[in-house]
1. To the nearest 0.05, what FRET efficiency results for THR287 and CYS92 with a Förster distance of 25 Å applied to their C-beta separation?
2. Is the shape of the stretch 77-122 best called rounded, prolate or oblate, per the rule: a/c under 1.5 gives rounded, else a/b larger than b/c gives prolate, else oblate, with a ≥ b ≥ c the square roots of the Cα gyration tensor eigenvalues?
3. Between rounded, prolate and oblate, where does the stretch 1-61 land on the alpha carbon gyration tensor, with a ≥ b ≥ c its root eigenvalues, rounded for a/c under 1.5, else prolate if a/b exceeds b/c?
4. With the full set of protein chains in place, find how many percent of the accessible area of the chain is carbon and sulfur; take the probe as 1.4 Å.
5. At most 15 other Cβ atoms within 10 Å and a DSSP loop assignment: could you name the chymotrypsin sites (Phe, Trp or Tyr not before Pro) in the stretch 58-145 that fit?
6. How big, on average over all directions, is the shadow cast by the Cα convex hull of the stretch 124-205, in nm²?
7. With r defined as the distance between the Cβ atoms of LEU276 and THR19 and R0 fixed at 51 Å, what FRET efficiency is calculated, to the nearest 0.05?
8. State whether the stretch 1-123 is rounded, prolate or oblate according to the following rule on the C-alpha gyration tensor (a ≥ b ≥ c being the square roots of its eigenvalues): a/c under 1.5 gives rounded; otherwise a/b larger than b/c gives prolate, and the remaining case gives oblate.
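The values are calculated or read from the model by the stated rules, or taken from the named source; none is laboratory data. None of the values given here were measured: they were computed from a predicted structure. Because the Cβ atoms are built from the backbone with ideal geometry, glycine has one as well, and the counts that use them run over all protein chains shown. Just so you know, the surface numbers come from the protein's heavy atoms only, side chains and all, with ligands and any DNA or RNA stripped out. Shrake-Rupley method; radii C 1.70, N 1.55, O 1.52, S 1.80 Å.
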Amino acid sequence: MMKANVFRAPGHFGLEEKTIPKAGPGEAVIRVRLTTICGTDVQIVNGEYPFQAGVTLGHEAVGTIHELGVGVTGYEIGQRILVGAITPCGQCEFCLGGHTSQCGGGPLGGWRLGNTLDGTQAEYVLIPHAQANLAIVPNALSDEQVLLLGHIASTGFAAAERAGIQLGDTVAVFAQGPVGLCATLGARLLGAAELIAIDEDPARLALARQFGATATVLAGQDPVGKIQEITNHRGVDVAIEALGFQETFESALRVLRPGGTLSSVGVYCGHLKVPLDAFGAGQRDQTIVTTLCPGGKERMTRLMRLMGAHRIDLSRLITHLFALDEIAEAYELFESHRNGVLKVGIRVS
Ligand SMILES: [Zn+2]
Ligand SMILES: [Zn+2]
């Protein structure tokens, strides 16, 4: 038997005993070493995202291979592995078309762990399509260094990549939570010159500077006007929306120059309206791109290469560590935004 953090009903979740999963053909079982909590997990336990009772939460993990199913080759028991939030099959129309995140074509694509399948906030987790999703962690990298590469960092970087940022671009990133901070870092890596970070929290803006922002703007202090001032009323080449609110989407559109790209990575609720003045009545040659977390082992291997080459440092993002037994406290702190919390690490083994 093993311990797992199971969703029961909105407001009700916690550790329960479950049977250790068995690997079927093409699957693997991972013994979890380190996992974390995503903002989506908090939405699930608060009843804001429909979720099946009895399913284990969590969709990010570093662990070791406990069991390999028939047909999974090139791995050994005990190898340290990073598992991403999205576990694409590598075989379907969407995967083979280059959109692995959208595997299967459903509303949230290839997001299975801690969604349609038992997740990573447990001592063991079953990984589907293991051949496409087990990324071997180099010995030189710690669990803490790679944990966020499977989801949060990958998502933030992808928002910058999909915007097609070019050397010398002016970029604004709306919201500096963990994903927004990684979008800022991604924009710096891709060669943004002026890089403007917007958030309501001065501490997060200070961190944004360390992640590459060259200017910061408080969300409450007319960010659109401030950014127009900073850019001499030209607007930005790329605006990244990393919150999922009407207000930030609209601000991102309002600061975008004609022909610019709005890269939207926030998760929206309800309706999203496009203000026609900012949209130039649809005549401004602008591009809007959206991004779901990239999936698959190739993506994670690339990001671990970046980490191994010391091109990125995410150590400031995991601000607190908990044991699996303390998972309720970890959720409480993560949701509260107290004590400068950004991401929590859950040490399982
Ligand atoms: Zn997530
Ligand atoms: Zn697929």
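1. Details: r = 27 Å, r/R0 = 1.06.
Between THR287 and CYS92 the formula returns 0.40.
2. Working: a/c = 3.06, a/b = 1.51, b/c = 2.03.
In terms of gyration-tensor shape, oblate.
3. Prolate, since a/c reaches 1.5 and a/b exceeds b/c.
4. Values: 7740 of 14870 Å².
Reported share for carbon and sulfur atoms: 52 percent.
5. Values: sites: TYR75, PHE94, TRP111, TYR124; in loops: TYR75.
Answer by residue number: TYR75.
6. Numbers: hull surface 30.1 nm².
It is 7.5 nm².
7. On the way: r = 56 Å, r/R0 = 1.09.
Given R0 = 51 Å and the Cβ-Cβ separation, E is 0.35.
8. Numbers: a/c = 2.04, a/b = 1.16, b/c = 1.76.
Because a/c hits 1.5 or more and a/b fails to exceed b/c, the stretch 1-123 counts as oblate.
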